[in-house]
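For reference, the structure is listed below as C-alpha cells.
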Amino acid sequence: MTAESTRFKLNPAPLGPALPWLAGVLALLAAWMLWSGLQQMREATRQQALIAQRDASIAAVNRYVGSQTSRLRGKLAEPAVQSALQSGDLPSAAAHLRADWPGVEVVDVLPADLQAAYAGLPASGY
C-alpha cells in the first residue's frame, strides 16, 4: 500500500448545492462577529470615559475638601477662637468659626469627652 492509496479523498461535487447556504451562514456569522466587536469597542470607550470622569470628580472633591480643611485650620488658629476654646466658651468658639465662612450653616464645638453629646443621642439625632 502506498501513502496515496490510504489517504482520505473528499469529493466536493455533492456539496455544490449547499455552498450558497454555507456562504450565507458564514456571511451572517461574520456580520454578527463584526457587530459584536463594534459593541465591545463602544463599551470600552464608554468605560474609559466613565473612569476618566470618576477620577476627575474624585480630584475635584479632594481639592475642595483640602481647601475647606485648610480654611478650618486657619480659623482654629485665630486668636478669638483660641481664647474662646481656652476659656471653655464653646458656643462663642462655634460662632467665631462660623463667621465669614460662606455656605456654613451649623457649627458645633463639643467638649473632648463627648459625654454630653452621648447623653443626648436619642433626642439629638446622629
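The values are calculated or read from the model by the stated rules, or taken from the named source; none is laboratory data. Here the structure is a predicted model, which means the values were calculated and not measured. Cβ coordinates were reconstructed from backbone atoms using ideal geometry, including for glycine residues, and neighbour counts include every protein chain displayed. These accessible areas exclude ligands, DNA and RNA; they are computed on the full protein's heavy atoms, side chains included. Shrake-Rupley method; radii C 1.70, N 1.55, O 1.52, S 1.80 Å.
Among Leu15, Leu28, Leu85, which one shows the biggest mean-square fluctuation in a GNM of the chain, springs joining Cα atoms closer than 10 Å?
Leu15
What list of ³J(HN,Hα) couplings, whole Hz, do you get for region 100-110 from phi and the Karplus terms 6.51, -1.76, 1.60, once you set θ to phi - 60° and write x for glycine and proline?
Coupling constants for region 100-110: 6, 10, x, x, 8, 9, 10, 10, 10, 10, 10 Hz.
Could you report the chain's accessible area per residue, 1.4 Å probe, as an integer in Å²?
Ligands and nucleic acids excluded, the figure is 85 Å² per residue.
From Cα pairs below 8 angstrom and at least 6 apart in sequence, can you work out the relative contact order of region 2-126, rounded to a whole percent?
10 percent
For region 67-123, build the charge dipole from Cβ charges (+1 Lys, Arg; -1 Asp, Glu) around the Cα centre, then report which of Gln86, Ala117, Val104 sits farthest towards its positive end.
Value: Val104.
What distance in nm separates the two pseudo spin-label positions at Ser36 and Arg73, each 7 Å out from Cα along the beta-carbon direction?
Using points 7 Å along Cα→Cβ, the separation is 5.5 nm.
Run a plain Debye calculation on region 7-63 (Cα atoms as equal point scatterers, no solvent) and give log10 I(q)/I(0) at q = 0.14, 0.16 Å⁻¹, rounded to two decimals, same order as the q list.
These q points yield log10 I(q)/I(0) values of -0.64, -0.71.
Mind pulling the per residue volume of the convex hull built on the Cα atoms of the chain? Å³ is fine.
Taking only Cα atoms, the chain has a hull volume of 347 Å³ per residue.
For the chain, with all protein chains present and a 1.4 Å probe, just round the carbon and sulfur fraction of the accessible area to a whole percent.
Of all accessible area on the chain, carbon and sulfur atoms account for 65 percent.
Solvent-accessible area of Glu78, probe 1.4 Å, all protein chains present, reported in Å² to the nearest ten, please.
Glu78 has an accessible surface of roughly 70 Å² with all protein chains in place.
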